[in-house]
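Comments concern the structure below.
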Amino acid sequence: MANTYIPEREIADRPHGYQGPNLSPSGSALTPVTLGEGVHALMATIPPKDNNGLIIGTQAALVVDAGITPTVARLIQDTVAGLTDRPLRYLVNTTYHGDHTFGNMAFPAQTVIVSSRINKENMADLAYEKRVRSGNMYGDEALFDAVTRWRTPDVAFDGHVEIDLGGRAVQLWHFGPGNGPGDTVVYVPDLRTAWTGNFLCHAGTAHMLLQGGPLPYLESLHRMKETLPELRTIVPGHGPMGDGPAAIDALVEYLERLHTEVTEAIAAELTLEQTEISCTDPWAEGLDPVLSAAFAAYTAVPQDIARAGFLDLCRNLHRLNVMATYNLYASAK
């Protein structure tokens with residue numbers, strides 16, 4: 001089907017007046033949140049900057065995502081050193097995007113980097129990726145000067161691989177395209193907890209359709225739900241952690257409605273601007289109360305400012321999703 005096309009690179013167009021997520025690490029720190037013995041969410045104190053994770057076994061430790069600069073990567077490693085003396089043997093990249101992978105270069109050579117094969121294949125043009133991510137740095141583009149090489153995964157997998165840390169198994173899954181073509185989910189089965197990167201966020205959070213449309217994303221979400229029926233908690237790459245099944249159901253509902261409404265708008269020969277107005281805005285009345293309350297758990301930003309900023313972000317991302325879906329479906333006519 002034409003509207004399941006996955007472009008090789010993420011879309012470059014943005015709606016007029018669009019304001020994307022501020023991913024500059026300036027001013028943010030990582031707060032460890034213990035989810036179980038040896039398992040920690042490393043939460044950014046200023047959402048929606050990048051979260052990370054630490055999973056510890058009797059023989060080794062694994063980190064989820066590397067940060068946007070070498071400085072952030074060293075902060076992650078310092079945080080890990082304060083939580084365990086196990087060797088940091090593995091680093092998993094949940095996506096190829098630079099805010100999750102530019103820090104790869106600052107991890108020790110003996111740390112094995114693992115990700116999906118598609119993520120590895122997309123880590124080929126450092127200059128281009130820097131240009132794309134610079135739009136999210138809000139004046140801190142010079143921080144990218146320290147990113148001199150793009151260290152790619154040492155081990156790439158296709159659908160599933162399991163890592164034994166000693167007494168603790170960690171499953172890596174690629175369910176299909178979502179935010180990007182190679183989204184990788186890190187699942188700790190004994191705690192029923194998953195690090196989901198950009199693939200799945202707290203229910204009520206807007207996602208980004210950067211490489212593909214609603215239909216392939218929906219197929220991937222259904223595969224995740226079928227494969228991980230015991231899933232309880234998700235730690236997303238950005239924003240608060242939350243209930244996994246609720247997050248899947250909320251995103252499925254959003255994508256199904258987006259697909260239907262944009263399809264109907266194109267059939268009615270509406271313009272993009274008219275389509276944006278006609279599509280349901282789930283954030284017209286503010287953030288979902290459960291999502292809003294989740295900020296209180298860790299953010300260093302005053303609550304009213306954090307909630308207002310995240311609401312604006314969700315509405316901007318929704319406009320991006322409408323535009324991306326409209327352009328994809330209109331081109332298939």
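The combined condition, being touching a helix residue (DSSP H, G or I) at 6+ places or on another chain (Cβ under 9 Å), open to solvent by less than 60 Å² (accessible area, probe 1.4 Å) and in a loop (DSSP other than H, G, I, E, B), is fulfilled by Thr94.
Scan the stretch 121-169 residue by residue and report those that are outside any helix (DSSP H, G or I) and without any contact (Cβ under 8 Å) to a residue 40 or more places away in the chain. Break it down into steps so the answer makes sense when it comes.
At the first step, the residues of the stretch 121-169 found to be outside any helix (DSSP H, G or I) are 123-125, 135-140, 147-169.
Across the stretch 121-169, the qualifying residues are Met123, Ala124, Asp125, Gly159, His160, Glu162, Ala169.
Test Ile305 against the criterion of being in a helix (DSSP H, G or I), among the β-branched types (Val, Ile, Thr) and crowded, with 17+ Cβ neighbours inside 10 Å, and give yes or no. Considered against the rule, which asks whether it is in a helix (DSSP H, G or I), among the β-branched types (Val, Ile, Thr) and crowded, with 17+ Cβ neighbours inside 10 Å, Ile305 comes out as no. Within the stretch 143-181, the set of residues being touching a strand residue (DSSP E or B) at 6+ places or on another chain (Cβ under 7 Å), of a type in the set (Val, Ile, Thr) and open to solvent by less than 30 Å² (accessible area, probe 1.4 Å) comprises Ile163, Val170.
Evaluate the stretch 229-248: report whether one residue or more is closer than 26 Å to His97 by Cβ, open to solvent by less than 50 Å² (accessible area, probe 1.4 Å), out of contact with any Gly (no Cβ under 9 Å at 6 or more places or on another chain) and among the hydroxyl-bearing types (Ser, Thr, Tyr). Looking for residues that are closer than 26 Å to His97 by Cβ, open to solvent by less than 50 Å² (accessible area, probe 1.4 Å), out of contact with any Gly (no Cβ under 9 Å at 6 or more places or on another chain) and among the hydroxyl-bearing types (Ser, Thr, Tyr), one finds none in the stretch 229-248, hence no.
Looking only at residues in the stretch 257-293 that are small (Gly, Ala, Ser) and part of a helix (DSSP H, G or I), the one that is farthest from Leu311 (Cα to Cα) is Ala267.
Would you confirm whether any residue within the stretch 198-214 is part of a helix (DSSP H, G or I), closer than 28 Å to Gly67 by Cα and open to solvent by 30 Å² or more (accessible area, probe 1.4 Å)? No, the stretch 198-214 has no match at all. Of the numbered criteria (1) more than 25 Å from Asp158 (Cβ to Cβ); (2) in a loop (DSSP other than H, G, I, E, B); (3) touching a residue at least 40 places away in the same chain (Cβ under 8 Å); (4) not charged (D, E, K, R), the one Thr79 fails is (2).
Select from the stretch 115-133 the residues that are more than 12 Å from His100 (Cβ to Cβ) and among the basic types (Lys, Arg) and write down the one among them that is most open to solvent (accessible area, probe 1.4 Å). My answer is Arg131.
The values are calculated or read from the model by the stated rules, or taken from the named source; none is laboratory data. What you see is a predicted model; the values in this text were computed from it and never measured. Methodologically, a virtual Cβ is constructed for each residue, glycine included, from the backbone with ideal geometry; neighbour enumeration extends over all protein chains shown. Areas reflect the complete protein model, heavy atoms only, side chains present, ligands, DNA and RNA absent. Shrake-Rupley method; radii C 1.70, N 1.55, O 1.52, S 1.80 Å.
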